[in-house]
């Protein structure tokens, strides 16, 4: 990278520079002949000047897309499937609010996993969920109350 490019920004020709390196075959990088294919794509992560560019660092789609929002949900491991979740998984974020007369009102939010963080000092795992914009504030409210659990949907098709 010739200069810093923040996540989501389109990559321009002046953002890239070609260098000669001896790189092990196990290291994923973009060959100089593929430089032109990167122009116009978006940074999938923050790209720092001087860093080596990998195909995984660029994307054609911006997250969140139009009509979507990303909602961070901090979860105890017991509120996640034991097999784990990964970016791209389709999930249901189910939340229970206290209702009238102590009855809980359940609300389900269809979502897609964007990122899964590492457990923090309290053991909580932050999961970034992509949801329709209309559902974002309700899910964020439930996340702030700590009433969300994740249900993993089928990974088949």
Q. Do you know which residues across region 114-145 are in contact (Cβ under 8 Å) with a residue 60 or more places away in the chain and in contact with a helix residue (DSSP H, G or I) (Cβ under 9 Å, 6 or more places away or on another chain)?
A. 131
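Could you tell me which of the residues 34, 22, 67 is without any contact (Cβ under 8 Å) to a residue 12 or more places away in the chain and in contact with a helix residue (DSSP H, G or I) (Cβ under 9 Å, 6 or more places away or on another chain)? Step through it out loud before you land on a result.
Working: 22 fails: in contact with a helix residue (DSSP H, G or I) (Cβ under 9 Å, 6 or more places away or on another chain); 67 fails: without any contact (Cβ under 8 Å) to a residue 12 or more places away in the chain.
Of 34, 22, 67, the one residue that is without any contact (Cβ under 8 Å) to a residue 12 or more places away in the chain and in contact with a helix residue (DSSP H, G or I) (Cβ under 9 Å, 6 or more places away or on another chain) is 34.
Looking only at residues that are touching a strand residue (DSSP E or B) at 6+ places or on another chain (Cβ under 6 Å) and surrounded by fewer than 16 Cβ atoms within 10 Å (Cβ to Cβ) in region 78-89, which one is modelled with the lowest pLDDT?
Keep residues of region 78-89 that are touching a strand residue (DSSP E or B) at 6+ places or on another chain (Cβ under 6 Å), which gives 79-81, 85, 87, 89.
Within this subset, residues satisfying the condition of being surrounded by fewer than 16 Cβ atoms within 10 Å (Cβ to Cβ) are 81, 87.
Numbers: 81: 95, 87: 91.
The extreme case among them is 87.
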(Q) Take residue 133 and tell me if it is touching a strand residue (DSSP E or B) at 6+ places or on another chain (Cβ under 9 Å), assigned by TED's automatic domain parsing to the domain that holds residue 72 and either crowded, with 16+ Cβ neighbours inside 10 Å or modelled with pLDDT under 95 (or both). (A) no
Q.
If I go through region 48-78 residue by residue, how many of them are under 17 Å from residue 131 (Cβ atoms) and not in a strand (DSSP E or B)?
A. 7
Q: Could you list all residues from region 19-36 that are more than 16 Å from residue 57 (Cα to Cα) and either outside any loop (DSSP other than H, G, I, E, B) or over 28 Å from the mean Cα position of the chain (by Cα) (or both)?
A: 19, 20, 21, 22, 23, 24, 33
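The values are calculated or read from the model by the stated rules, or taken from the named source; none is laboratory data. In this text, all values refer to a predicted model and were calculated from it rather than measured experimentally. Glycine gets a Cβ as well: all are built from the backbone with ideal geometry, and neighbour counts include every protein chain shown.
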